[in-house]
Amino acid sequence: MTGTVICASKSQRKLWMVQNGRILITLDARFGRPSMPTTEGVHTVYWKDKHHVSGIYGSPMPYSMFFHNGEAIHYSSDFSRRGWNGASHGCINIRNMNGLKWLWDHTPTGRKMIVFK
């Protein structure tokens with residue numbers, strides 16, 4: 001594949017940015033719980049909000065990159081604190097703030113994203 005794409009694997013619990021077949025960054029990722037799974041498929045980052053707060057749950061979602069019906073890649077202080085014990089409401093949680101900031105800085109809206117098992 002040519003170009004730049006964000007790939008997220010639910011089974012490997014990882015998110016990568018890949019450019020022309022070369023991995024630029026790898027981040028640990030936590031996905032939605034069984035009752036609210038992260039949507040698989042090919043998506044596009046359609047909106048970014050650096051200081052987003054969930055309107056439903058009231059929780060901070062720093063460096064949010066929305067890709068499907070309100071699902072977003074974002075930093076999770078809960079993931080950072082508790083590790084793999086927990087899950088999101090469908091979003092892709094990232095625990096490394098510095099890595100996520102790098103991803104945010106290198107992801108324009110319109111970036112293709114693939115979420116898979």
**Report entry** Options ILE25, ILE56: the member that is surrounded by fewer than 17 Cβ atoms within 10 Å (Cβ to Cβ), free of Cβ contacts under 8 Å to residues at least 60 places away in the same chain and of a type in the set (A, V, I, L, M, F, W, C)
**Finding:** ILE56
Requested in this report: Report yes if some residue within the range 47-58 is on the phi < 0 side of the Ramachandran plot, in a helix (DSSP H, G or I) and at pLDDT below 95; otherwise report no.
Outcome: no
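Residue-wise test of (1) closer than 14 Å to HIS52 by Cβ; (2) touching an Asp or Glu at 6+ places or on another chain (Cβ under 6 Å).
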| position | (1), (2) |
| --- | --- |
| ALA72 | yes, no |
| GLY83 | no, no |
| CYS91 | yes, yes |
| HIS106 | no, no |
Query raised in the report: Does TRP102 satisfy the criteria of being in contact (Cβ under 8 Å) with a residue 40 or more places away in the chain, farther than 17 Å from LYS48 by Cα and of a type in the set (A, V, I, L, M, F, W, C)?
Result: no
Query raised in the report: Is there a residue in the range 63-81 that is within 21 Å of LYS117 (Cβ to Cβ), more than 14 Å from the chain's Cα centre (by Cα), of a type outside the set (Asp, Glu) and surrounded by 12 or more Cβ atoms within 10 Å (Cβ to Cβ)?
Result: no
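Would you confirm, using the coordinates I've provided, whether TYR63 is part of a loop (DSSP other than H, G, I, E, B), farther than 21 Å from GLN12 by Cβ and touching a residue at least 24 places away in the same chain (Cβ under 8 Å)? Please lay out each step first, then the result.
On the way: part of a loop (DSSP other than H, G, I, E, B): no; farther than 21 Å from GLN12 by Cβ: yes; touching a residue at least 24 places away in the same chain (Cβ under 8 Å): yes.
No.
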Query raised in the report: Can you spot a residue in the range 75-91 that is within 29 Å of THR2 (Cβ to Cβ) and either assigned to a strand (DSSP E or B) or hydroxyl-bearing (Ser, Thr, Tyr) (or both)?
Result: no
Requested in this report: Kindly list the number of the only condition in (1) at pLDDT 95 or above; (2) over 13 Å from the mean Cα position of the chain (by Cα); (3) part of a loop (DSSP other than H, G, I, E, B); (4) not basic (Lys, Arg) that fails for THR38.
Outcome: (2)
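Taking the range 67-95 as the search range and keeping residues that are in contact with a helix residue (DSSP H, G or I) (Cβ under 8 Å, 6 or more places away or on another chain) and closer than 23 Å to GLU40 by Cβ, which one is modelled with the lowest pLDDT? Break it down into steps so the answer makes sense when it comes.
Of all residues in the range 67-95, those in contact with a helix residue (DSSP H, G or I) (Cβ under 8 Å, 6 or more places away or on another chain) come to 73-75, 80, 86, 93-95.
Now restrict to residues that are closer than 23 Å to GLU40 by Cβ: 73-75, 86, 93-95.
Details: ILE73: 98, HIS74: 98, TYR75: 98, GLY86: 87, ASN93: 97, ILE94: 98, ARG95: 96.
Here the residue is GLY86.
The values are calculated or read from the model by the stated rules, or taken from the named source; none is laboratory data. On a predicted model such as this, the values are computed, not experimentally measured, just so you know. Ideal geometry is used to build each Cβ from the backbone, glycine not excepted, and the neighbour counts take in all protein chains shown.
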